[in-house]
Amino acid sequence: MAVLHIFVPIFEIIIIAVMVNYLLKVFWGTRAMDVVFGSLAFLLLFFLATWLNFPVLGKIMLNVVNVAVLAVFIIFQPEIRLALARIRIKGKKFREISEFDQFLEYLALTVYRLSEREIGALIVLENHDSVLEHSSSYVRLNANFSPELLETIFMTNTPLHDGAVVIKDTTILAAGTILPLAQETAQLSKTMGTRHRAALGASQKTDALVIVISEETGKVSLAREGILTRGVKPDRFKGVIRSIFTSAEPAKSFTLWRWNR
């Protein structure tokens, strides 16, 4: 036990150094850093007043420090919340699922924003099978997914808006993709055009999930395994995608970058 007491100060110094380094990384370069330097100046003055035994100044600084402790938690509430959020105390699997949920939220937000504006779109979420192997034409992007990029591609004044966007994991592989058209049209009504036929065709030839936004009605449809489901609402939309691209088996490790593998 005596040996452990010798190393206690060393452990304390290491812990304090790690904490200070972490806080400096969080606050450095922000406006809060100015307040941090001001607080350190007050603390230095407090210690000097105590060390030099200035009774009046020491009492004043003690009251200032006591108030400052409460003020820090009030003023720095957003920064403290951010700092605590960055501490990864959860397991890796929890973080990866949270990242997937964030991606899914952004995807759903973009899809239903396009739906509200009745902007036609065709989005392929690739699973195991390569969709591009069945495409006669596409423009390779290999860009990180972002709602802004996906929405921009389908704007009617862009050259890539007519084809499909192919997404693998969180990478937009290609845009302007020409998909094979379905031969069987029994599921297609008069209000459905080439996008819906292409969605069915891609879902018949691959295990991908294809999202279709109707330019005429703004309705969102999902195609998978040759079956087209129309009028899908946001909650069901996210539920279907989550059930396909996340593993239900606990033994398998789910990651954002390797869906269902």
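The values are calculated or read from the model by the stated rules, or taken from the named source; none is laboratory data. Note that the structure is predicted; figures quoted are calculated from it, not measured. Here the Cβ positions follow ideal geometry from the backbone for every residue, glycine too, while neighbour counts run over all protein chains shown.
Inspect all residues belonging to region 208-215 and state whether any of them is in the same structural domain as ASP101 (by TED's automatic domain parsing) and either over 20 Å from LEU114 (Cα atoms) or without any contact (Cβ under 8 Å) to a residue 60 or more places away in the chain (or both).
Taking region 208-215 and keeping what is in the same structural domain as ASP101 (by TED's automatic domain parsing), we get 208-215.
Those still in the list that are either over 20 Å from LEU114 (Cα atoms) or without any contact (Cβ under 8 Å) to a residue 60 or more places away in the chain (or both) too: 208.
Looking through region 208-215, at least one residue is in the same structural domain as ASP101 (by TED's automatic domain parsing) and either over 20 Å from LEU114 (Cα atoms) or without any contact (Cβ under 8 Å) to a residue 60 or more places away in the chain (or both).
Yes or no, residue by residue, for (1) over 18 Å from the mean Cα position of the chain (by Cα); (2) over 30 Å from THR171 (Cα atoms); (3) modelled with pLDDT under 80; (4) of a type in the set (Phe, Trp, Tyr):
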position	(1), (2), (3), (4)
ILE6	yes, yes, yes, no
PRO9	yes, yes, yes, no
PHE54	yes, yes, yes, yes
ARG86	no, no, yes, no
PHE94	no, no, yes, yes
LEU104	no, no, no, no
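Can you name the residue in region 126-154 that is in a strand (DSSP E or B), touching a residue at least 40 places away in the same chain (Cβ under 8 Å) and in contact with a helix residue (DSSP H, G or I) (Cβ under 9 Å, 6 or more places away or on another chain) and is also surrounded by the fewest Cβ atoms within 10 Å (Cβ to Cβ) among such residues? Write out each step before concluding.
Pass one, region 126-154, residues in a strand (DSSP E or B): 126, 137-144.
Okay, now just the ones that are also touching a residue at least 40 places away in the same chain (Cβ under 8 Å), so 126, 137-138.
When the remaining residues are screened for being in contact with a helix residue (DSSP H, G or I) (Cβ under 9 Å, 6 or more places away or on another chain), the result is 126, 138.
Numbers: GLU126: 22, TYR138: 20.
The residue in question is TYR138.
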